[in-house]
Amino acid sequence: MRRLLPWALLVASLAANVALGVSLAHRDGSAFPSEPLIFSKVQLDPSQRARISSLRTELLARRQENQRNLMQLRRQLAAAIGHEPEDRASVDSTLRQIAESQARFQAAVVDHVLAVRTVLRPDQRPAFEDIITGHMQQAGGQMHCGLEPPGEGTSP
């Protein structure tokens, strides 16, 4: 049973990655729309649009870096799982690294949302908060990073 758990975790992780890939492929192969959802929901002045675009570009770069890191960690996990004799300490260490990487990126998304919020005037914030609430409800409580409509991509 102990040997089966790591394999089950790996299969679940791979299945989640495939599901994400399929959903992104169905959206014209693009992970993010050309413009954040907030641009169509909130009347922004040119400097606000520029600042939000800059924040988004920074976050997307972090997301790409995080994805590369997670891919490497998952390869490392697969190797650790297949190692004979079993090295449970290596498997557990890699699982912790994966969780930490995901948590760091989640924190970066929250930082991004807070940074976007500071760009907005008080009268613009309710519409932005509606977007965030929609994402949180649609994504099962997970924050996203690109400001797309709920259920698409990964963003507030």
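The values are calculated or read from the model by the stated rules, or taken from the named source; none is laboratory data. Quick caveat: nothing in here was measured; it's all calculated off a predicted structure. Here Cβ is always computed from backbone atoms with ideal geometry, including for glycine, and neighbour counts include all displayed protein chains.
Pairs are defined by a Cβ separation below 6 Å, a sequence spacing of at least 6 or placement on different chains, a first member in segment 99-125 that is among the aromatic types (Phe, Trp, Tyr), and a second member that is buried (at least 17 other Cβ atoms within 10 Å of the Cβ); the pairs so defined are PHE105/ASN66. For ILE81, the stated conditions hold: it is part of a helix (DSSP H, G or I), at pLDDT below 95 and in contact with a Phe, Trp or Tyr (Cβ under 8 Å, 6 or more places away or on another chain). Right, VAL116: closer than 19 Å to LEU37 by Cα and surrounded by 17 or more Cβ atoms within 10 Å (Cβ to Cβ) or not? Yes: the conditions hold for VAL116. If you go through segment 126-139 and keep only what is in a helix (DSSP H, G or I) and either surrounded by 15 or more Cβ atoms within 10 Å (Cβ to Cβ) or in contact (Cβ under 8 Å) with a residue 40 or more places away in the chain (or both), you end up with ALA127, PHE128, ASP130, ILE131, ILE132, GLY134, HIS135, MET136.
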